[in-house]
Amino acid sequence: MDPRWWRWVASTDSLTARLIAASPRPFRVRLLDEGIGVPRRDEAQALGLAPGRVAWIREVLLMSGERPWVAARSVAPLTRSGCRSLRALGERSLGSWLFAQPDLERGPIELSADHAGVWLRRSRFRHGRIQLLVQECFLAQMAADLALPPAG
């Protein structure tokens, strides 16, 4: 992997903070969808959920101005406190809330590249009784804006 990408995909700190620092335009979150749904099979397995069990699912784009840089999908088993915290985010970044939690635990980062030449990563987080799977796809617009090479 090119070292310029390694700094992005292998970082264990807040991706939101990194995007804000790198963006030449104002950073924002564009909420695409959120609500109760059935996770994909690999997501349920990563969270230890029984197949078909519902969870809170949130999909956003992390934007540099009007340019989408990262597509993110978060999946959390349903708990009263977890859903309340996640529902309250709206168009704020999950990272701004998550990395402010003093008891935050992060599992290993899983990496892959897709056929379109973009990097994907995911990891599990735990904060108290809240468990969360966060998946991020680094988009071609980010690579172009930051002069990063294609994944692969």
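Just wondering, is there one or more residues in segment 53-62 that are touching a residue at least 60 places away in the same chain (Cβ under 8 Å) and among the small types (Gly, Ala, Ser)? No - not one qualifying residue is present in segment 53-62.
Pairs linking a residue in segment 20-35 that is farther than 12 Å from Arg92 by Cα and among the small types (Gly, Ala, Ser) to a residue that is modelled with pLDDT of 95 or more and in a strand (DSSP E or B), with Cβ atoms under 6 Å and 6 or more positions apart or on different chains, are Ser23/Ser64.
Number of residues in segment 114-132 that are under 24 Å from Arg7 (Cβ atoms) and basic (Lys, Arg) equals 3. Residue check: is Ser96 under 17 Å from Leu31 (Cβ atoms), in contact with a Ser or Thr (Cβ under 8 Å, 6 or more places away or on another chain) and not in a loop (DSSP other than H, G, I, E, B)? When the stated conditions are applied, Ser96 passes them. Hey, could you check segment 119-152 for residues that are touching a Pro at 6+ places or on another chain (Cβ under 9 Å) and outside any strand (DSSP E or B) and say which is least open to solvent (accessible area, probe 1.4 Å)? Across segment 119-152, the extreme among qualifying residues is Met142.
Taken over segment 94-103, the criterion of being exposed (fewer than 14 other Cβ atoms within 10 Å of the Cβ) and either under 13 Å from the mean Cα position of the chain (by Cα) or at pLDDT 75 or above (or both) is satisfied by Pro102, Asp103.
Scanning segment 109-118 for residues that are acidic (Asp, Glu) and either open to solvent by less than 20 Å² (accessible area, probe 1.4 Å) or assigned to a strand (DSSP E or B) (or both) yields a single hit, Glu110.
Those helices (runs of 4 or more DSSP H) of segment 1-93 in which at least 1 residues are of a type outside the set (Phe, Trp, Tyr), over 18 Å from Val134 (Cβ atoms) and open to solvent by 40 Å² or more (accessible area, probe 1.4 Å), considering only elements entirely within it, cover 3-9, 15-22, 80-87.
The values are calculated or read from the model by the stated rules, or taken from the named source; none is laboratory data. Worth saying up front: this structure is predicted, and the values here are computed from it rather than measured. We place every Cβ from the backbone using ideal geometry, glycine too, and count neighbours over all the protein chains shown. The accessibility values were calculated without ligands, DNA or RNA, using every heavy atom of the protein model including side chains. Shrake-Rupley method; radii C 1.70, N 1.55, O 1.52, S 1.80 Å.
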